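All remarks here apply to the structure that follows.
The values are calculated or read from the model by the stated rules, or taken from the named source; none is laboratory data. As the structure is a computational prediction, the values presented were derived from the model and not from experiment. Reconstructed Cβ throughout: ideal geometry from the backbone, glycine too, with neighbour counts over all protein chains shown. Quick note on the areas: whole protein, heavy atoms, side chains included, nothing else; ligands and nucleic acids left out. Shrake-Rupley method; radii C 1.70, N 1.55, O 1.52, S 1.80 Å.
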Amino acid sequence: MINFEYLENNKEKLKMDYYSATPFPHLVIENLCPIEKAEKLYNQIPELVNKSRDYMFAGNKFEKSNYQVLGDLFVELQNDLRSERMNTFLSFLTNKETFVDPKNHGGGLHQGKGNSFLDMHLDFNYHPLNNNLWREMNLLYYLNKDWKPEFKGQLKLQDLRTDESCELDINFNTLVIQQCADYTLHGYDYTNFPEGRYRTSIATYAYTKHKNKLYKSRTTDWIPSKANDGKVKRILGRNLHKIIKLKTFLFGSGTARN
């Protein structure tokens, strides 16, 4: 399904594009899959019913982690995303051995309904089930057919070091590969999709292995907007990782299996 020939034949240019992007390394790959298969995939996506457990930091956002059960095309896409060809391409980009999490912990099919949003945040850095696996990249595949800028929901990237930011369009059949680090914020503002249309993406995460743990583990660190959110939410966002760490210690990982 994924057009690996394009990735492999243009890997030098794509690597240059990745590292020259601002505010931090990222890559936008349009027409990731043959259009016929992408359209069939889009037409088979149901309205999701499992609401995101990001609670107050994400609005009207729904998820399905085991999206491969939706049909053969979803299985094919998932297999391609975690294939050796994809791992080889990502390793070329990063100059280190990089691989997609075969179990896609925390990832899956994401669907933002009317007025959905996702506050700016830093993702967890070490894999919750293996603290020697460092989260190197997010792979975000967008399936927003006939998307227009006025529908909003653009992917926002912001560098915590410089406060520099950008917005990326979320066009149909487009993959965004985004560096993950202690300064790589991302999220999206309130959407304005027409009735019956959703902000749709499939999230996958890539890792590198640290023989020795180099940094302190961090769960998702939320950075709510000062303009749109109250003081309590901003304080909670900055300290939510401590609450989640305690909850995980007491009850285990809470990643949804839906």
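Some notes on this structure:
- Criterion applied to Glu39, Glu63, Glu76 was being acidic (Asp, Glu) and either free of Cβ contacts under 8 Å to residues at least 24 places away in the same chain or within 30 Å of Ile223 (Cβ to Cβ) (or both), and the one residue passing it is Glu63.
- Those residues of the stretch 187-208 which are in contact with an Asp or Glu (Cβ under 7 Å, 6 or more places away or on another chain) and open to solvent by 60 Å² or more (accessible area, probe 1.4 Å), in sequence order: Asn192
- Leu133 satisfies every condition listed in (1) under 28 Å from Gly59 (Cα atoms); (2) in contact with a His (Cβ under 6 Å, 6 or more places away or on another chain); (3) not acidic (Asp, Glu) except (1).
- Residues in the stretch 1-19 that are surrounded by 14 or more Cβ atoms within 10 Å (Cβ to Cβ), in contact (Cβ under 8 Å) with a residue 12 or more places away in the chain and of a type in the set (D, E, K, R): Lys11, Lys15.
- Count of the stretch 18-73 residues which are touching a helix residue (DSSP H, G or I) at 6+ places or on another chain (Cβ under 6 Å) and part of a strand (DSSP E or B): 1
- Residues that are more than 21 Å from Asn144 (Cα to Cα) and among the charged types (D, E, K, R), drawn from the stretch 55-109: Arg82, Glu84, Arg85, Lys96, Glu97, Asp101, Lys103
- Listed by first and then second residue, the pairs with beta-carbon distance under 7 Å, at least 6 apart or on different chains, first residue in the stretch 110-121 and closer than 11 Å to Arg197 by Cβ and basic (Lys, Arg), second open to solvent by 20 Å² or more (accessible area, probe 1.4 Å) and modelled with pLDDT of 95 or more, are Lys113/Phe62; Lys113/Tyr198.
- Residue selection: Glu167 satisfies the criterion of being surrounded by fewer than 20 Cβ atoms within 10 Å (Cβ to Cβ), without any contact (Cβ under 8 Å) to a residue 24 or more places away in the chain and in contact with a strand residue (DSSP E or B) (Cβ under 8 Å, 6 or more places away or on another chain).
Table: residues versus (1) over 30 Å from Glu164 (Cβ atoms); (2) open to solvent by less than 50 Å² (accessible area, probe 1.4 Å); (3) modelled with pLDDT under 95; (4) of a type outside the set (D, E, K, R).
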site: Ala21; (1), (2), (3), (4): no, yes, no, yes
site: Gln44; (1), (2), (3), (4): yes, no, no, yes
site: Glu63; (1), (2), (3), (4): no, yes, no, no
site: Leu81; (1), (2), (3), (4): no, yes, no, yes
site: Phe89; (1), (2), (3), (4): no, yes, no, yes
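- Within the stretch 130-152, none of the residues are in contact with a Gly (Cβ under 7 Å, 6 or more places away or on another chain), part of a strand (DSSP E or B) and open to solvent by 20 Å² or more (accessible area, probe 1.4 Å).
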